[in-house]
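Trainee: To start, I am sharing the structure in question, which I have written as structure tokens.
The values are calculated or read from the model by the stated rules, or taken from the named source; none is laboratory data. Remember, predicted model here, so these are calculated numbers, not experimental data. For the accessible areas, the whole protein counts, side chains as well, though only heavy atoms, and no ligand, DNA or RNA atoms are used. Shrake-Rupley method; radii C 1.70, N 1.55, O 1.52, S 1.80 Å.
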Amino acid sequence: MTPAGPHRALVYVLNGRWRLIVAPLASEEREVRVEDPDPVRQLVVRDLGPADSGFAPASFGHRLIENGFIIDPSERAKPGTVNGWSRTDDPDRWQTVCYPTSEAVG
């Protein structure tokens, strides 16, 4: 069962391919590390395709939905976001806050 509450979704490039990770977001956390020491926390780990296809925010949002998560609508209103995804300090890494689709977000 997916834990309730906010989660962090991270897309990043690894070995020339886009990857997606979703993990619970504790209130004091601000980011999900790619090399999380506790892989049980990673609820979704998915290959999204070749990195040479570029960052595809709408497609990556659909991959979240396919895995039972939806981007928090307030993320889309933040300055500098693209479809709710914001760039991290590392190149080719984007993140957003998401919720299980079973929770009402609005």
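Trainee: Given 0.36 nm per residue, what is the gain on full extension from Asp47 to Ser86 after removing their alpha carbon distance, in nm?
Mentor: Full-extension gain reported as 12.1 nm.
Trainee: Taking θ as phi - 60°, what are the ³J(HN,Hα) couplings along the stretch 68-84 by the Karplus curve (6.51, -1.76, 1.60), each to the nearest whole Hz, with x for Gly and Pro?
Mentor: After applying 6.51 cos²θ - 1.76 cosθ + 1.60, I find x, 10, 9, 5, 4, x, 5, 5, 5, 8, 6, x, x, 8, 10, 6, x Hz.
Trainee: Tell me, what is the 1.4 Å probe accessible area of Val45, in Å² to the nearest 10?
Mentor: 80
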